[in-house]
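Here is the structure we will look at, set down as structure tokens.
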Amino acid sequence: MTKYNIDVTLTQTKKEKPNASELAFGKVFTDHMFIMDYTEGQGWHDPRIIPYQPLTLDPASMIFHYGQSVFEGLKAYVTKKEQVLLFRPDENFKRLNKSNDRLCIPHLDEELALEALKTLIQVDRDWIPNAEGTSLYIRPFIISTEPYLGVSPSDRYQFIIILSPVASYYKEGIAPVRIAVENEFVRSVAGGTGSAKTGGNYAASLKAQQLSGTKGYSQVLWLDGVERKYIEEVGSMNIFFKVDGEVITPSINGSILEGITRKSVIELLKHWGIPVSERKISIAEIKEAYAAGKLEEAFGTGTAAVISPVGELFWQNEGMSINGGKTGEVTKKLYDTLTGIQSGMVEDHFNWCIEV
Ligand code: COI
């Protein structure tokens, strides 16, 4: 039992851990999971850690029909001194509650969520990989479980945390990815759910991603859903460009995700004195910068993607090769600094990491 009375039941059958060379993204899960229930009138109750196992849900559970769910993604690292670090977990639980607001899901006690996560990581500590470029990916999520086919907020939920030892998100590793600007489909509009971390946003993105994948692109770059002119974000990351010495990224506008890596990158750039601005950016402006030889770098940011250099951007039948398809200087510095802070190799002046 812990401060929050989190009950812990350990598994009797430990799974075999994968070798570092076999790690992919999100395919293998640790021995335990955290789970807690919500019932209207009773609130969140019965926080517990149990052996990792399938869920048993009524087929009428609302999650299966109307997709009322939210999730988060964060990572734990083990340092050379054997400390376990979490990167800005308070920001994730704050954002989870913002997503909860949008999806009519009851708020979680953020302190309890953090305590639950720390306890789970302590239980499965041996699963944190330590090879370069690897980490323990953490997936907290909430699903609606009331068996009811009417369209309304559920009166029952489950909050679950699962853990997965991972390597890089993209098959390219940290090599630059190719991205196609999406012209046919849209991801979200202001007033929609684009700024919430909810499964429906990702379901809506699959068709475009599948089509662009057949042409050799890793993901699509979404444009705004109204004018189809302004850059929003990439499937699993926020996007940045370096144009003529200045780093620019689309401002938070209600339809893009408020990335925690995005926020950290802006803080790092400001700290280094590199000009950075958040504003509306049209795809035409990026093409003009490219034509004028001023498009110096492009990269995506996200928990899973970390800092992913973009080597080519395809729009209107033309591939714009960025920095000769190679990782740019600022992109590399950001990657090294951020992963250095996260893994305890670079001093954490910002106090972003907390020890488990
Ligand atoms: C993350 O970066 O953690 C995410 O949640 C993106 C996910 C779609 C892989």
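Counting only residues that are in contact with a Leu (Cβ under 7 Å, 6 or more places away or on another chain) and basic (K, R), the range 3-50 holds 0 of them. For E16, the conditions (1) closer than 30 Å to T339 by Cα; (2) surrounded by fewer than 14 Cβ atoms within 10 Å (Cβ to Cβ); (3) touching a Pro at 6+ places or on another chain (Cβ under 7 Å) are fulfilled apart from (3). Answer yes or no as to whether I162 is assigned to a strand (DSSP E or B) and either touching a Cys at 6+ places or on another chain (Cβ under 8 Å) or touching a residue at least 24 places away in the same chain (Cβ under 8 Å) (or both). Spelling it out, I162 is indeed assigned to a strand (DSSP E or B) and either touching a Cys at 6+ places or on another chain (Cβ under 8 Å) or touching a residue at least 24 places away in the same chain (Cβ under 8 Å) (or both).
Do you know which residues across the range 53-80 are away from the ligand (no atom under 14 Å from the Cβ) and either of a type in the set (D, E, K, R) or touching a His at 6+ places or on another chain (Cβ under 6 Å) (or both)? Let's see the steps before the verdict.
First, pick out the residues of the range 53-80 that are away from the ligand (no atom under 14 Å from the Cβ): 53-68, 77-80.
D58, K80, listed by residue number.
Taking the criterion of being assigned to a helix (DSSP H, G or I) and either away from the ligand (no atom under 12 Å from the Cβ) or outside the structural domain of M237 (by the TED database) (or both), the only residue of the range 184-202 that qualifies is G200.
Whenever a residue of the range 22-34 is in a helix (DSSP H, G or I), its partners that are hydrophobic (A, V, I, L, M, F, W, C), lying with C-beta atoms within less than 9 angstrom and at least six residues away or across chains, give the pairs E22/V28; E22/A167.
Residues that are among the aliphatic types (A, V, I, L, M), in a strand (DSSP E or B) and assigned by the TED database to the domain that holds G324: does the range 273-284 have at least one? Looking for residues that are among the aliphatic types (A, V, I, L, M), in a strand (DSSP E or B) and assigned by the TED database to the domain that holds G324, one finds at least one in the range 273-284, hence yes.
Contact map, the range 276-287: residues that are in contact (Cβ under 8 Å) with a residue 60 or more places away in the chain paired with residues that are basic (K, R), Cβ distance under 9 Å, separation 6+ or inter-chain. Pairs shown: I283/R228; I283/K229. With respect to the stated conditions, G319 is outside any helix (DSSP H, G or I), at pLDDT below 95 and away from the ligand (no atom under 16 Å from the Cβ).
Can you confirm whether Y217 is in contact (Cβ under 8 Å) with a residue 40 or more places away in the chain and in the same structural domain as K118 (by the TED database)? Taking the combined requirement at face value, the residue does not satisfy it. When the range 35-52 is limited to residues that are free of Cβ contacts under 8 Å to residues at least 12 places away in the same chain and in a loop (DSSP other than H, G, I, E, B), the one that is farthest from the ligand (Cβ to nearest atom) turns out to be G41. Within the range 81-93, one or more residues are at pLDDT 95 or above, more than 15 Å from the ligand (Cβ to nearest atom) and surrounded by 19 or more Cβ atoms within 10 Å (Cβ to Cβ).
Would you mind stating whether T214 is among the β-branched types (V, I, T) and within 16 Å of the ligand (Cβ to nearest atom)? So that I can check it myself, show each step before the final result.
Values: among the β-branched types (V, I, T): yes; within 16 Å of the ligand (Cβ to nearest atom): no.
No; evaluated as a whole, the condition is false for this residue.
Sub-6 Å Cβ pairs linking a first residue in the range 136-147 that is in contact (Cβ under 8 Å) with a residue 60 or more places away in the chain to a second residue that is assigned to a strand (DSSP E or B) and within 12 Å of the ligand (Cβ to nearest atom), at least 6 apart or interchain, are Y137/K75; Y137/S164; Y137/V166; I138/L74; F141/F71; I142/V70, ordered by first then second residue. S144 meets each of the listed conditions (1) touching a helix residue (DSSP H, G or I) at 6+ places or on another chain (Cβ under 6 Å); (2) more than 25 Å from T337 (Cα to Cα); (3) within 16 Å of the ligand (Cβ to nearest atom) apart from (3). The one condition from (1) touching a helix residue (DSSP H, G or I) at 6+ places or on another chain (Cβ under 9 Å); (2) within 16 Å of the ligand (Cβ to nearest atom); (3) polar (S, T, N, Q) that T30 does not meet is (2).
Every residue in the range 131-170 that is of a type in the set (D, E, K, R) and over 17 Å from N97 (Cβ atoms), please. Break it down into steps so the answer makes sense when it comes.
Step one: of the range 131-170, the residues of a type in the set (D, E, K, R) are 132, 139, 146, 155-156.
Across the range 131-170, the qualifying residues are E132, E146, D155, R156.
Check whether at least one residue in the range 71-80 is touching a Phe, Trp or Tyr at 6+ places or on another chain (Cβ under 9 Å) and outside any strand (DSSP E or B), and report yes or no. Explain how you work it out, then say what you get.
Residues of the range 71-80 touching a Phe, Trp or Tyr at 6+ places or on another chain (Cβ under 9 Å): 71-77.
Right, trim to outside any strand (DSSP E or B) and you get 72-73.
Yes, the range 71-80 contains at least one residue that is touching a Phe, Trp or Tyr at 6+ places or on another chain (Cβ under 9 Å) and outside any strand (DSSP E or B).
In the range 107-143, the residue that is nearest to I6 (Cα to Cα) out of those that are of a type in the set (S, T, N, Q) and under 21 Å from the mean Cα position of the chain (by Cα) is S135.
The values are calculated or read from the model by the stated rules, or taken from the named source; none is laboratory data. Model, not experiment: these values are computed from the prediction. We place every Cβ from the backbone using ideal geometry, glycine too, and count neighbours over all the protein chains shown.
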